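Laboratory data are not the source of any read-out in this text; all were calculated from the coordinates shown. From a predicted model like this one, the values you see are computed outputs, not experimental measurements. Please note: Cβ atoms are built from the backbone with ideal geometry, for glycine as well, and neighbour counts cover all protein chains shown.
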Amino acid sequence: MATFNIHIIPSQKGRIAIVTGANNGLGYETALALAKKDMKVILACRNLAKAEIAKQAICKEVPQAEIDIMVIDLSKLASVRTFANAFLEKYTQLDILINNAGIMTPPFSLSEEGFESQMAANYFGHFLLTALLLEMLMKTPHSRIVTLSSIAHKTGKINFDDLQSQKKYSPMVAYSQSKLACLMFSYELQRRLTQMGSQTISLAAHPGISDTNLLKNTPIPNWLFDLFKPIMNLTFLQSAKAGAEPTLYAALGEDVKGGDYFGPDGFNEMRGRAKKVESTPLSKDETLAKKLWEVSERLCKIRQ
Ligand SMILES: NC(=O)c1ccc[n+]([C@@H]2O[C@H](COP(=O)([O-])OP(=O)(O)OC[C@H]3O[C@@H](n4cnc5c(N)ncnc54)[C@H](OP(=O)(O)O)[C@@H]3O)[C@@H](O)[C@H]2O)c1
């Protein structure tokens with residue numbers, strides 16, 4: 001079985017990556033690893049102060065790092081458009097787009113556009129961002145788009161009758177739906193890129209269960225989380241650094257192809273070394289994916 005070894009990946013000098021949600025957790029570890037490979041990394045974050053701290057931390061570890069900070073709030077379509085316009089004005093290439101930012105199981109709320117908050121930040125924001133940057137990605141040789149999914153996609157369903165959970169909100173059901181949507185988007189994008197004869201490839205990754213702020217926003221109280229952390233560390237939890245490995249495999253691996261999905265190789269894919277993994281039959285349903293794409297284009301006002 002092929003395994004990923006970041007240490008044998010050559011320098012990526014001259015290449016540019018965007019990592020959304022790069023100030024924390026998996027996004028931070030991903031940005032740090034890319035900077036270590038000499039890539040210019042754009043930290044696409046919603047909070048400038050947090051992004052500055054992340055930049056300083058990366059530059060402390062990698063003094064030659066080329067880091068740019070650009071503000072984006074993925075739950076607001078106008079912010080995504082402003083970010084994309086600013087990026088397209090400033091840069092002439094985009095080698096890797098990492099659709100990483102996300103939230104999990106917040107109380108119910110709707111975005112300005114009327115999207116359930118997890119669907120807004122995890123899925124619709126990245127759908128629009130990718131659409132706006134696709135032309136530049138396709139012009140950049142060997143470019144890749146990596147979208148973060150989750151083990152939770154396995155229980156997800158796309159509920160077109162109540163896509164924004166307005167009739168009934170279950171935080172975990174909505175999270176699973178958003179992560180299934182991300183995975184279906186990644187596969188559908190690859191099918192469309194293939195149809196267009198593009199060299200750009202779309203891949204997906206999930207980090208198993210990684211120790212990041214994401215888990216702290218669950219209904220589990222933080223003190224209980226901290227109490228059981230030693231046991232969780234021994235059984236199923238892994239570090240954010242380890243959790244970023246499947247993303248890095250998708251972004252930099254030399255034995256990958258469009259449509260691949262990466263995750264940890266341990267029990268139930270909860271932790272371990274990055275490998276190519278399988279997803280549910282539903283995630284590969286092409287009719288459903290096409291419908292989701294069309295609905296997303298309409299809701300994101302890409303095509304009226
Ligand atoms: N940790 C896990 O076990 C796990 C498992 C499966 C999948 N994932 C996926 O991995 C990805 C990264 O999560 P993580 O675990 O690293 O969580 P994290 O530590 O909470 O980091 C999430 C990042 O996303 C940013 N973000 C959230 N909403 C945003 C918005 N509207 N606009 C811009 N940025 C936003 C956060 O910014 P702020 O700091 O400003 O909040 C933060 O930088 C997510 O897509 C998540 O679904 C994680």
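General remarks:
- Spacing of the modelled spin labels on N233 and K139, each 7 Å from Cα toward Cβ, amounts to 4.8 nm.
- Whole-Hz Karplus values for region 91-107 come out as 10, 10, 8, 9, 8, 9, 10, 10, 7, 10, 3, x, 10, 9, 6, x, x Hz, taken residue by residue from phi with 6.51 cos²θ - 1.76 cosθ + 1.60 and θ = phi - 60°; glycine and proline positions read x.
- Taking 13 Å as the straight-line reach from the Cα of K229, the aspartates and glutamates in range (excluding those fewer than 8 positions away in the same chain) are D211.
- If R0 is taken as 30 Å, the Cβ-Cβ distance between K241 and N217 corresponds to a FRET efficiency of 0.90.
- Within the straight-line cut-off of under 18 Å between alpha carbons, the aspartates and glutamates reachable from K257 are D95, E188, E245, E278, sequence neighbours fewer than 8 places apart in one chain being disregarded.
- Protection proxy ranking, highest mean first, for peptides 43-52, 187-196, 60-69, 5-14: 43-52, 187-196, 60-69, 5-14, where packing is the per-residue count of other beta-carbon atoms within 10 Å, averaged.
- Relative contact order of region 140-271, taken over Cα pairs closer than 8 Å and 6 or more residues apart, is 31 percent.
- FRET efficiency for T280 and K60, using Cβ-Cβ distance with R0 set to 45 Å, rounded to 0.05: 0.65
- Taking the Cα centre of region 37-173 as reference, the dipole from Cβ charges on Lys and Arg (+1) and Asp and Glu (-1) amounts to some 260 debye.
- Value of relative contact order over the chain, rounded to a whole percent, pairs C-alpha under 8 Å and six or more apart: 17 percent
- Span-like helix criteria (full DSSP H runs; alpha carbon extent of at least 15 Å along the helix axis; mean Kyte-Doolittle hydropathy of at least -1.0) are satisfied in the chain by 25-36, 48-61, 77-90, 125-139, 171-195, 222-235, 286-299.
- Cα gyration tensor, region 110-217 - rounded (a/c under 1.5), prolate or oblate: prolate
- In the structure shown, the pairs K40/K139; K50/K241; K168/K290; K179/K290; K76/K290 are assessed against 21 Å; a Cα-Cα span above that value is assigned to K168/K290; K76/K290.
- Placing R0 at 22 angstrom, the Cβ-Cβ distance between K301 and S170 gives a FRET efficiency of 0.20 after rounding to 0.05.
- Remark: the Cα gyration tensor places the chain in the rounded category, a/c being less than 1.5.
- Structural descriptor for region 139-218: relative contact order 45 percent, calculated from alpha carbon pairs under 8 angstrom and at least 6 residues apart.
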